[in-house]
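What follows is one structure encoded as structure tokens, with my remarks underneath.
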Amino acid sequence: MRRPLIAGNWKMYKTITETRHLVSELVPGLQAVNGVEKAICPPFTALLAASALLEGTDIRLGAQNMHWESSGAYTGEISPMMLAELCHYVIIGHSERRTYFGETDETVNLKIRAALKQSLTPIFCVGETLRENEAGRTAEVVSRQVREGLKGVDLMLSGDFETELVIAYEPVWAIGTGKAATSEGANMVIKDIIRPALAEQYGVDLAQAVRVLYGGSVKAENAHEFFHAPDIDGALVGGASLKSADFIRIVQAAAKG
Ligand code: 13P
């Protein structure tokens, strides 16, 4: 059984002061929900403040990006070693990083390896653009992203039948557009493209154990639709994770399955 995970990707929003505010609002509501794993991914500058407020809760902290080297002359970068002191998760290969910051399957692969080496759990993002979708290239693009991102990466099943990797299927055309994928459509990509690509490399058991989230315009109003779908194991939430009431409602919807 895969335990649902709801992760909030705050993107480039929230100062330290605003983070303290939002986390204080989130903690009681999120703590009241059982059976769902919850995580928030604030910007780097707010991680320390958030981690202090999350101490003693079961809410996990994640970062949104990192470099693959553990240290070095890389002005402006943050290393996996630095994040490992604060975070459980790190989002890797988000489409905004691929589009605006030149990330490629190759750099994504380096980052996934580096994260695992530091015992950070990658939330590895894949997804096709509108143009690729309309050209009928979804299967080709998404399976390539999974294969290349995980090239040479060893993954193991842990005792509780979970893996140290989470995948997020985020069709680029659904991100921040208010135009979410249908739960049937997202489920189909996960079941017929992402899990088979994992099975090819790691076998069926592992492919079934990896949690695959859906991301793209998930809101309090539509969240429940996704959590009924058998292959969708939660959500990576952007805009709606910045409002405490909305994010709490999404986590509650995941608990109801
Ligand atoms: P929105 O939920 O704002 O569409 O963003 C999704 C996303 O990019 C999460 O990583």
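The values are calculated or read from the model by the stated rules, or taken from the named source; none is laboratory data. All values reported here derive from a predicted model rather than from experimental measurement. Methodologically, a virtual Cβ is constructed for each residue, glycine included, from the backbone with ideal geometry; neighbour enumeration extends over all protein chains shown. All accessible areas refer to the heavy atoms of the entire protein, side chains included, with ligands and DNA or RNA removed. Shrake-Rupley method; radii C 1.70, N 1.55, O 1.52, S 1.80 Å.
Summary table
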read-out: In Hz, Karplus ³J(HN,Hα) per residue of the stretch 240-255 (6.51, -1.76, 1.60; θ = phi - 60°; x = Gly, Pro); value: 6, 7, 8, 10, 4, 4, 5, 5, 4, 5, 5, 5, 4, 4, 5, 5
read-out: Per-residue [θ]222 nm for the chain (sum of -39500 (n - 2.57) over DSSP H runs n ≥ 4, rounded to 500); value: -12000 deg cm²/dmol
read-out: Computed FRET value (nearest 0.05) for Lys219 with Leu48, which takes r as the C-beta separation and R₀ as 45 Å; value: 0.95
read-out: Mean separation of Cα contacts under 8 Å, 6 or more apart, over the residue count of the stretch 177-257: relative contact order %; value: 30 percent
read-out: Three-way shape label, the chain, alpha-carbon gyration tensor, a/c 1.5; value: rounded
read-out: Karplus-derived HN-Hα couplings along the stretch 2-18 (A = 6.51, B = -1.76, C = 1.60, θ = phi - 60°), whole Hz, x at Gly and Pro; value: 8, 7, x, 10, 10, 10, x, 9, 6, 6, 8, 10, 5, 6, 5, 4, 5
read-out: Shape of the stretch 1-76, Cα gyration tensor, a/c cut at 1.5; value: oblate
read-out: In Å², nearest 10: area of Leu53 left accessible to a 1.4 Å probe; value: 70 Å²
read-out: Spin-label proximity, Leu110 to the stretch 122-155 - amide N less than 20 Å from point 7 Å beyond Cα toward beta carbon; value: 122-126, 145-154
read-out: Check: the stretch 21-92 dipole with +1 on Lys, Arg Cβ and -1 on Asp, Glu Cβ, in debye; value: 100 debye
read-out: Cut-off under 5 Å, modelled amide H: who pairs with Asp233 long-range; value: Val212, Leu213, Tyr214
read-out: Whole-number accessible area per residue in Å² for the stretch 112-212, which is evaluated in the context of all protein chains at 1.4 Å; value: 45 Å²
read-out: DSSP-defined beta bridges in the stretch 82-175 - what % are antiparallel, rounded to 5; value: 10 percent
read-out: The stretch 129-257: C-alpha gyration tensor shape, a/c 1.5 cut-off, then a/b vs b/c; value: oblate
read-out: Distance from the stretch 18-97 to the stretch 204-221 (C-alpha centre basis), Å; value: 19 Å
read-out: Under the Karplus curve 6.51 cos²θ - 1.76 cosθ + 1.60, θ = phi - 60°, whole-Hz ³J(HN,Hα) for the stretch 99-114, x wherever Gly or Pro sits; value: 6, 9, 10, x, 6, 10, 4, 5, 5, 4, 4, 4, 5, 5, 4, 5
read-out: Whole-number accessible area per residue in Å² for the stretch 29-103, which is evaluated in the context of all protein chains at 1.4 Å; value: 47 Å²
